[in-house]
Amino acid sequence: MKIARVLNDGEPSFVAVIGEYAYSLSGIIGMDDSAIGASFYDQVRRMTDTAGKLIIDQEPVGRFDGMKKLIPVPEVRSIRDFYAFETHVRNARRKRGLDMIPEWYRYPVFYFSNTSNLYPAGSDVPIPSYTKEMDYELEIAIVISRDGRNIAAERAWDHILGLTLANDWSARDMQREEMKVGLGPSKGKDFATSIGPVLVTKDEILGHRNKDGKIDLDMKATVNGVVYSSGNLNSIYWDVEKLVEWASMESWIRAGDVIMTGTVGTGCILESQDHPWLKHGDRVILSSDMIGNLDNTLV
């Protein structure tokens, strides 16, 4: 199932996306949008348990591509951004003249990012005034569906609502200076995160696991129509389940929290530097056949 939030007559509205069309979630489950918003995580979690029986007995409200999109969940309570793809870590460290560190293989690490500067698909993203090295990062966002603490990896999917695309925009020059201090990143990252366009619920996601239990989910980034990056979630070193386990170790995670995977290998300009840093007017599209397009223009 694919769930999204759009503006309908100027008001936020929840829709189910099927093929090219959007259908009113209110009409499907018999609740108005305000009631859905107040109990979103419970409602969608219940729907995923009976997703195979879901019947759409209504006309679409329109083509999804033409709609004004919002962040696909009503509230993002926190963002933990991990560093879970080995190829990305190796490439990024090599560009700084550094070797891999053994501690990276001991446990997944993350930092908290800013929930106040979130951008949906189709929106303009401002380049901060203090950077000349603007970069994108091709990531997956895991949306938590229910509260939990000390969640074992084998129970992680009991707490996951679904996945979507995420772009952890980065000011590389600022980030480079901050990291010399040994704390952060902060202003190199906190100015913008894009999330969307839809939330693909776990019942659909789990049907795409490979023989190793990892999720086959393609990922691609283009800038002004040119492919800069491509990868797959199945190349992740620290599995989705392990990220949830680590995030919840001796700590509560809550419904509405977002756990980001970190950048897929080759998923940013920093790793290759075969392309120039991003500039005003560039159109960056992160895409996946399963999720759709997270499309932003830099201003």
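For the range 71-90, the count of residues that are more than 21 Å from the chain's Cα centre (by Cα) and either surrounded by 14 or more Cβ atoms within 10 Å (Cβ to Cβ) or outside any helix (DSSP H, G or I) (or both) is nonzero.
Among residues of the range 1-41 being over 19 Å from the mean Cα position of the chain (by Cα) and in contact (Cβ under 8 Å) with a residue 60 or more places away in the chain, the one that is surrounded by the most Cβ atoms within 10 Å (Cβ to Cβ) is Pro12. The test for being closer than 16 Å to Asp135 by Cβ and assigned by TED's automatic domain parsing to the domain that holds Asp158 does not hold for Ser287. Taking the listed residues Gly256, Gly292, the one that is in contact with a Phe, Trp or Tyr (Cβ under 7 Å, 6 or more places away or on another chain) and on the phi > 0 side of the Ramachandran plot is Gly256, with no other qualifying. The number of residues in the range 247-276 that are of a type outside the set (A, V, I, L, M) and under 18 Å from the mean Cα position of the chain (by Cα) comes to 10. Taking the numbered list (1) crowded, with 17+ Cβ neighbours inside 10 Å; (2) in contact with a strand residue (DSSP E or B) (Cβ under 6 Å, 6 or more places away or on another chain); (3) within 24 Å of Ile151 (Cβ to Cβ) in turn, Ser288 passes all entries but (3).
The requirement of being surrounded by fewer than 13 Cβ atoms within 10 Å (Cβ to Cβ) and either assigned to a loop (DSSP other than H, G, I, E, B) or without any contact (Cβ under 8 Å) to a residue 24 or more places away in the chain (or both) is fulfilled somewhere in the range 111-119, by at least one residue. Please go through the range 143-195 and give me each residue that is assigned to a loop (DSSP other than H, G, I, E, B), in contact with a strand residue (DSSP E or B) (Cβ under 8 Å, 6 or more places away or on another chain) and over 30 Å from Met1 (Cα atoms), ordered by number. Hits for the range 143-195 are Gly184, Pro185, Lys187, Gly188, Lys189, Asp190, Phe191. Residues that are in contact with a Leu (Cβ under 8 Å, 6 or more places away or on another chain), in a helix (DSSP H, G or I) and either at pLDDT below 95 or not assigned by TED's automatic domain parsing to the domain that holds Ser248 (or both): does the range 37-44 have at least one? The answer is yes, given that some residue of the range 37-44 is in contact with a Leu (Cβ under 8 Å, 6 or more places away or on another chain), in a helix (DSSP H, G or I) and either at pLDDT below 95 or not assigned by TED's automatic domain parsing to the domain that holds Ser248 (or both). For Gly196, indicate whether it is on the phi > 0 side of the Ramachandran plot and free of Cβ contacts under 8 Å to residues at least 24 places away in the same chain. For Gly196, the condition - on the phi > 0 side of the Ramachandran plot and free of Cβ contacts under 8 Å to residues at least 24 places away in the same chain - is not met. One residue stands out among those in the range 148-175 that are of a type in the set (Asp, Glu) and under 29 Å from Cys268 (Cα atoms): the one that is farthest from the chain's Cα centre (by Cα), which is Asp173. Could we say that Ser129 is within 14 Å of the chain's Cα centre (by Cα), modelled with pLDDT of 95 or more, assigned by TED's automatic domain parsing to the domain that holds Gly292 and farther than 24 Å from Leu25 by Cβ here? It is false that Ser129 is within 14 Å of the chain's Cα centre (by Cα), modelled with pLDDT of 95 or more, assigned by TED's automatic domain parsing to the domain that holds Gly292 and farther than 24 Å from Leu25 by Cβ.
Residues that are exposed (fewer than 12 other Cβ atoms within 10 Å of the Cβ) and assigned to a strand (DSSP E or B) within the range 206-238 comprise Val226, Val227, listed in sequence order. Taking the listed residues Val284, Val244, the one that is part of a strand (DSSP E or B), closer than 23 Å to Tyr111 by Cβ and modelled with pLDDT of 95 or more is Val284, with no other qualifying.
Could you list, in sequence order, all residues of the range 244-272 that are touching a Gly at 6+ places or on another chain (Cβ under 9 Å) and not β-branched (Val, Ile, Thr)? If the condition is that a residue be touching a Gly at 6+ places or on another chain (Cβ under 9 Å) and not β-branched (Val, Ile, Thr), then Ser248, Trp252, Arg254, Gly265, Gly267, Glu271 are the ones that fit.
The values are calculated or read from the model by the stated rules, or taken from the named source; none is laboratory data. Since the model is a prediction, treat every value here as computed from it, not as a measurement. Glycine also receives a Cβ, built like all others from the backbone with ideal geometry; neighbour counts cover every protein chain displayed.
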